[in-house]
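Derivation of every value follows stated rules applied to the coordinates shown; laboratory data play no part. Everything numeric here is computed off the predicted structure, so don't read it as measured data. Positions of Cβ are generated from backbone atoms using ideal geometry, with glycine treated the same way; all protein chains shown enter the neighbour counts.
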Amino acid sequence: MALDQSFVGRVYPATAPYEVGREKIREFAEAIGDDNPVYRDRVAAQALGYPDVIAPPTFPIVLSLGAAGAATRDPALGLDYDRVVHGEQRFSYNRPITAGDVLQVTVSIESIRAAAGNDILTTRSEVRTADGELVVTAFSTLVARGTAVQ
Amino acid sequence: MAIRISDLAVGAELPARTFDIERASMIRYAGASGDFNPIHWSQEQATSVGLPNVIAHGMLTMATVGRVVTDWLGDPGAVLEYGVRFTRPVVVAHGAVTTLTVTGKVRSLDEQAGTAVIDLSASVDDQTVLSQARMTVRLAR
């Protein structure tokens, strides 16, 4: 059955603060095979004007994937997570995530559609510092295959 | 050496790259990202949901593809916007290497804002795996 449109705009509580560690950034950079020194070497990052090492552009998924679970695994919404594939992903950056940032994610439901028998859910994850500075916004579109069919 | 907006023209191509993905890449990515969905490491699970085999995390593909721009630019912190649509799974068989070929091209330039939009294309065996893959970056003037 198609997902309930009335969930569009629903905002979930902010996640617990996440402190971005240098070694976590290094681990992530290694996992994507990216040897850019700006992810590992503070001096290299400072040479580009950053206070400390920065995280790769897709690093926000480390925070937003779990955070979006509030919506994607919300039993009241009822998305069939076993049938979900990742349809689209977009990040809009105010600045790169930097080691030492303490970040919280607020997830909301951006849109709900049904197309070709699939439920299509887009979540919006705003990643902010404890002071409320918006660092990056992540939009994830998940497609639950065949679940919009009666 | 920073790339300047005045050095670029619409349609200019970025250096094409190839990247190899194997099962170990996905295990490492699962650990680092926290995405332990078994379709990325269990053949049984992948085939039970109708996939031909284990598939790479879309986010691993997205991260890899973006390097064509960030390695060219040098400063990954200059990325303002990055989005992709996942159109075909990147299948990675046991013991095999899947090669991703990535190209990039300047889609538009905004001299006033000092930004460029780069269109990206990624394929495996000449079949594209992404659509609308696009990165906006800030450039030196």
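Summary table
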read-out: Förster radius 25 Å - calculated FRET efficiency between residue A:94 and residue B:107, Cβ distance, rounded to 0.05; value: 0.65
read-out: Inter-label distance for residue A:48 and residue B:20, nm, one decimal - labels placed 7 Å from Cα along Cα-to-Cβ; value: 2.7
read-out: Potential lengthening between residue B:99 and residue B:87 on full extension [0.36 nm per residue; Cα-Cα distance subtracted]; value: 2.6 nm
read-out: Inverse mean reciprocal Cα-Cα distance (Kirkwood Rh) of region A:14-66, Å; value: 11.6
read-out: Net charge of Cβ neighbours under 13 Å - reference residue B:138; Lys, Arg +1; Asp, Glu -1; value: -1
read-out: Local electrostatic count at residue A:36 - Lys and Arg +1, Asp and Glu -1, tallied over other residues with Cβ under 10 Å; value: -3
read-out: Formal net charge of residues neighbouring residue B:77 (Cβ-Cβ distance under 15 Å; K, R +1; D, E -1); value: -2
read-out: Size of charge dipole - region B:1-48 - debye, nearest 20, with Cβ of Lys, Arg +1 and Asp, Glu -1, no other charges; value: 120
read-out: Cβ-based charge dipole, chain B, positive-most Cα from B:117, B:16, B:91; value: B:117
read-out: Positive-pole candidate from A:115, A:135, A:54, dipole of chain A, charges at beta carbon; value: A:115
read-out: Inter-site label distance for residue B:10 and residue A:131 at 7 Å from Cα along Cβ, in nm; value: 4.0
read-out: Net lengthening on full extension, residue A:114/residue A:41 (0.36 nm per residue, minus Cα-Cα); value: 21.7 nm
read-out: Computed magnitude of the charge dipole of chain B (debye, nearest 20; Cβ of K, R +1, Cβ of D, E -1); value: 140
read-out: Charge dipole magnitude, Cβ of K and R +1, D and E -1 - the protein assembly as shown, Cα centre, debye nearest 20; value: 260
read-out: Isotropically averaged projected area of chain B, using the convex hull of Cα atoms (one quarter of hull area), nm²; value: 8.7
read-out: Alpha carbon centroid spacing (whole Å) that separates region A:15-83 from region B:1-80; value: 14
